[in-house]
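Down below is the structure, laid out as structure tokens.
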Amino acid sequence: MEFLDCWTPLTYEQYCNAYHGAYMGFITRKGVKSFRVKGVVKGIKNLYIASQWIMAPGGLPVAVTAGKFAIWRIVRKP
């Protein structure tokens, strides 16, 4: 066996400045409607938003997904 990588809450705090090493932005609660922003702004061409804050529950997994969708939009741009 070979050790490849190790992630701890301190990793998220050190590299992402995440509060107490949290990798998610907010907590989902019962009865609260989730949100999602499309990642484009009407009226501004060539602007694509990729952030941890554009989809609930937020955080690093959402940022990665938002980045993927931003790249997808750029590649598929007419």
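The values are calculated or read from the model by the stated rules, or taken from the named source; none is laboratory data. The shown structure was predicted, so the numbers you read here are calculated from the model rather than taken from an experiment. Note that we place each Cβ from the backbone using ideal geometry, even for glycine, and neighbour counts take in every protein chain shown. Surface areas here come from the heavy atoms of the whole protein model, side chains and all, with no ligands, DNA or RNA. Shrake-Rupley method; radii C 1.70, N 1.55, O 1.52, S 1.80 Å.
Report, to the nearest whole %, how much of the accessible area of the chain belongs to carbon and sulfur atoms, 1.4 Å probe, protein only. So the carbon and sulfur contribution to the accessible surface is 61 percent.
Relative to a virtual label point 7 Å from the Cα of Tyr15 in the Cα→beta-carbon direction, which members of the range 46-62 show backbone nitrogen distances below 19 Å? Counting only backbone N, you get 51-53, 58-62. Among the lysines of the chain, pairs that are 8 or more positions apart or on different chains and have alpha carbons within less than 29 Å of each other number 11. Helical runs assigned H by DSSP (4 residues or longer) give the chain a calculated mean residue ellipticity at 222 nm of -10000 deg cm²/dmol, each run adding -39500 (n - 2.57) before division by the residue total.
Using a 1.4 angstrom probe on the protein heavy atoms only, could you order Phe35, Phe3 from most to least accessible area?
Details: Phe35 85, Phe3 160 Å².
The ranking, largest first, comes out as Phe3, Phe35.
Surface listing: Tyr48, Tyr15 arranged by accessible area from highest to lowest gives Tyr15, Tyr48, probe 1.4 Å.
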